[in-house]
1. For Lys32, go through the lysines and keep the ones whose alpha-carbon is under 17 Å away, minus same-chain ones fewer than eight residues off.
2. Cut-off under 13 Å on the C-alpha distance; same-chain residues fewer than 8 positions from Lys89 excluded. Which aspartates and glutamates are left, in chain and number order?
3. Residue separation times 0.36 nm, minus the C-alpha to C-alpha distance between His51 and Leu83: what's the value?
4. If packing is taken as the mean number of other Cβ atoms within 10 Å per residue, what is the order of 75-83, 93-101, highest first?
5. Which trypsin sites (Lys or Arg not before Pro) in the stretch 26-83 sit in a loop by DSSP (not H, G, I, E or B) and have at most 13 other Cβ atoms within 10 Å of their own Cβ?
6. Report ³J(HN,Hα) in whole Hz for each residue of the stretch 124-135, in order, from the Karplus equation J = 6.51 cos²θ - 1.76 cosθ + 1.60 where θ = phi - 60°; Gly and Pro get x.
7. Can you sort Thr48, Thr42, Thr62 from fewest to most other Cβ atoms within 10 Å of each residue's own Cβ?
8. Pulled fully out, how much extra length does the chain show between Ser128 and Glu66, if you take 0.36 nm times their separation in residues and subtract their Cα-Cα distance?
Amino acid sequence: MGKGLKDIDDQQLQQWVEQISLRSFGVPFRHKATFNKRLSSTGGRYFTKSHDIEISRIQLDTHGAEEVEKIIKHELCHYHLHLAKRGYKHRDDDFKKLLKQVGGSRYCRAIPQTKRVEPYRYRLLCVSCGMEYLRKRKLDPKRYACGRCRGKLKLLPLATATGQAGQQP
Ligand SMILES: [Zn+2]
Ligand SMILES: [Zn+2]
């Protein structure tokens with residue numbers, strides 16, 4: 001794997017993962033392994049729903065095959081333990097033990113992180129021009145002015161779907 005790293009495609013990655021699985025774990029890898037070109041903060045990901053594995057293309061290009069092999073081992077630890085219904089998460093002893101045993105890298109994320117979107121809970125209302133600004137957190141309206149007319153602002157809680165409008169908690 002030392003030569004022509006840049007030319008490795010998904011099919012070759014698949015074979016590579018299958019080889020490592022047999023060699024280091026003694027169990028076949030029966031799902032899909034693909035490269036992810038945009039994955040940069042983590043080396044790889046294991047998807048608990050599909051059992052597929054994604055490997056960061058950037059890791060391969062910057063750190064080389066040796067590092068990626070460790071990432072593959074890490075993901076395979078998640079994979080095999082999860083399928084065997086054992087502790088497959090980072091904090092689990094099963095995971096720590098197996099990772100050490102096969103020599104996988106220590107970092108990655110088990111499940112793709114979906115960014116938690118905070119809802120808007122307040123609106124700032126300009127008392128002069130009626131312009132509205134949505135805010136996620138409480139703030140002191142006296143410290144701000146309307147961006148359009150420099151008028152005074154009033155902070156109002158947004159009615160939530162479950163809450164009753166107009167009522168104070
Ligand atoms: Zn992980
Ligand atoms: Zn205004």
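Each value in this text was obtained by applying a stated rule to the coordinates, not by laboratory testing. Everything numeric in this text was worked out from a predicted model, so none of it was measured. Note that we place each Cβ from the backbone using ideal geometry, even for glycine, and neighbour counts take in every protein chain shown.
1. Lys49, Lys73
2. Filter leaves Glu75.
3. Details: separation 32, 0.36 × 32 = 11.52 nm, distance 0.83 nm.
Here the segment from His51 to Leu83 would lengthen by 10.7 nm.
4. Working: 75-83: 23.1, 93-101: 15.7.
With the highest mean Cβ count within 10 Å placed first, the list reads 75-83, 93-101.
5. Working: sites: Arg30, Lys32, Lys37, Arg38, Arg45, Lys49, Arg57, Lys70, Lys73; in loops: Arg30, Lys32, Lys37, Arg38, Lys49.
Sites meeting the loop and neighbour criteria: Arg30, Lys37, Arg38, Lys49.
6. 9, 10, 7, 6, 8, 10, x, 4, 10, 10, 8, 10
7. Details: Thr48 15, Thr42 19, Thr62 10.
The fewest-first ordering by Cβ neighbours comes to Thr62, Thr48, Thr42.
8. Numbers: separation 62, 0.36 × 62 = 22.32 nm, distance 6.39 nm.
Length difference between fully extended and current span is 15.9 nm.
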